1. Step by step: first the residues of the range 160-184, then only those that are at pLDDT 95 or above and touching a helix residue (DSSP H, G or I) at 6+ places or on another chain (Cβ under 8 Å), then the one that is surrounded by the most Cβ atoms within 10 Å (Cβ to Cβ). Which residue is that?
2. May I ask you to list the residues in the range 294-332 that are free of Cβ contacts under 8 Å to residues at least 40 places away in the same chain and part of a strand (DSSP E or B)?
3. Just checking, how many residues over the range 33-45 are surrounded by 14 or more Cβ atoms within 10 Å (Cβ to Cβ) and not in a strand (DSSP E or B)?
4. One residue is enough: does the range 398-406 have a residue meeting the conditions closer than 30 Å to residue 18 by Cα and not assigned by TED's automatic domain parsing to the domain that holds residue 278?
5. Looking at the range 259-290, which of its residues are touching a helix residue (DSSP H, G or I) at 6+ places or on another chain (Cβ under 7 Å) and under 17 Å from residue 327 (Cβ atoms)?
6. Just one of 281, 268, 248, 217 is out of contact with any strand residue (DSSP E or B) (no Cβ under 9 Å at 6 or more places or on another chain) and on the phi > 0 side of the Ramachandran plot; which is it?
7. Taking residue 189, is it over 25 Å from residue 112 (Cα atoms) and surrounded by 16 or more Cβ atoms within 10 Å (Cβ to Cβ)?
8. Which of the residues belonging to the range 46-58 are closer than 28 Å to residue 402 by Cβ and either under 25 Å from the mean Cα position of the chain (by Cα) or not in a strand (DSSP E or B) (or both)?
């Protein structure tokens, strides 16, 4: 026991003795103002930013022996955040794709693929993500979170939603022969008592968020409104929110159609996922309640033709709603739904959709920094390059304020003061 304690203390002392990191940025983006500041320095001590400012000033503050990361030819911005991903999915264009993963891939294999997806997200500059359900992979998201925190595998910091919830007969896998017992992608609960127990179970397993599939079965009504079927009664939805809040956990509502969005807002969920059927009345309610929206725009562009039916009309409905929501001031944070589209696709394309349909490029970048950090409750830790915050940063070629595709040329990533991509350092 003494040898174990001594080894632990030795590791702790070595970590504390890690030299400071001095970063030279050719251009540093202040995501609060949109100002690009030339020839800036960032001094990192441990996992925190100690100082940010002109290179001449900050470099003079650096201790002797500090590691150096020369990004003088690059644009440096805060580490990016994605508030809606599924690391345990590798593409969900059709029901057949989903069924193949649930039925033919073991949870250990899916966890290995999730670890690869997490590494890909980090290499693209995403230093924190919110994973909204393992889709049939049990509680493995908590294991992946622990492995990343322990340095076993590389990846962003994770917030996880465990299994997520839906009701009997509402979530895949469905329509198999009645004598077969097939798995489902969620935890199935019915009635307030089961809901409260289920929330407690998931929190016990490590869930940071309580995710509920509020609606399904979409169609476009004659008035052009995207409608949906509800998976739960209003009293059941309120039970999710009440129990989660009692346990100090925020709530996330999968709600695409008007009916689901109306119910989610009435029940008091903290975030709306997808939200394609938002209209002005729902937007006004979301603003009054302070509810966040993750639009998952790139996903619907990617899957609409393959899924068919009402999905073919969802992009036009969403684009119209998004533009109006930006004008009205709905709280919007980057949420791509990566995993519904394959992890081989670049995550920055979500931001490109925002800029194409109503946001400025700065607003799009803010949705993946300041806004996503606020949604995730880590705004004091992440989302901007300021003293005292985590030393998370990404460097790219070009200027994302002029061309968001520059986010596809990530040359360096620093997470919590560790250079996880790029260099050189000395």
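The values are calculated or read from the model by the stated rules, or taken from the named source; none is laboratory data. None of these values were measured; they are calculated from a predicted model. Backbone-built Cβ (ideal geometry, glycine too); neighbour counts: all protein chains shown.
1. Filtering the range 160-184 for residues that are at pLDDT 95 or above and touching a helix residue (DSSP H, G or I) at 6+ places or on another chain (Cβ under 8 Å), the one surrounded by the most Cβ atoms within 10 Å (Cβ to Cβ) comes out as 162.
2. So in the range 294-332, the residues free of Cβ contacts under 8 Å to residues at least 40 places away in the same chain come out as 300, 304-305, 308, 312, 315-316, 319-320, 322-323, 326-327.
Scanning the range 294-332 gives no hits.
3. In the first step, residues of the range 33-45 are kept if they are surrounded by 14 or more Cβ atoms within 10 Å (Cβ to Cβ); the result is 34, 36-37, 40-45.
From what is left, the residues that are not in a strand (DSSP E or B) are 34.
The total comes to 1.
4. Filtering the range 398-406 for residues closer than 30 Å to residue 18 by Cα gives none.
No, the conditions are met nowhere in the range 398-406.
5. If the condition is that a residue be touching a helix residue (DSSP H, G or I) at 6+ places or on another chain (Cβ under 7 Å) and under 17 Å from residue 327 (Cβ atoms), then 275, 278, 279, 280, 282, 283, 285, 286, 287 are the ones that fit.
6. On the way: 281 fails: on the phi > 0 side of the Ramachandran plot; 268 fails: out of contact with any strand residue (DSSP E or B) (no Cβ under 9 Å at 6 or more places or on another chain); 217 fails: out of contact with any strand residue (DSSP E or B) (no Cβ under 9 Å at 6 or more places or on another chain).
Just one listed residue meets the conditions, 248.
7. It is true that residue 189 is over 25 Å from residue 112 (Cα atoms) and surrounded by 16 or more Cβ atoms within 10 Å (Cβ to Cβ).
8. 49, 55, 56, 57, 58
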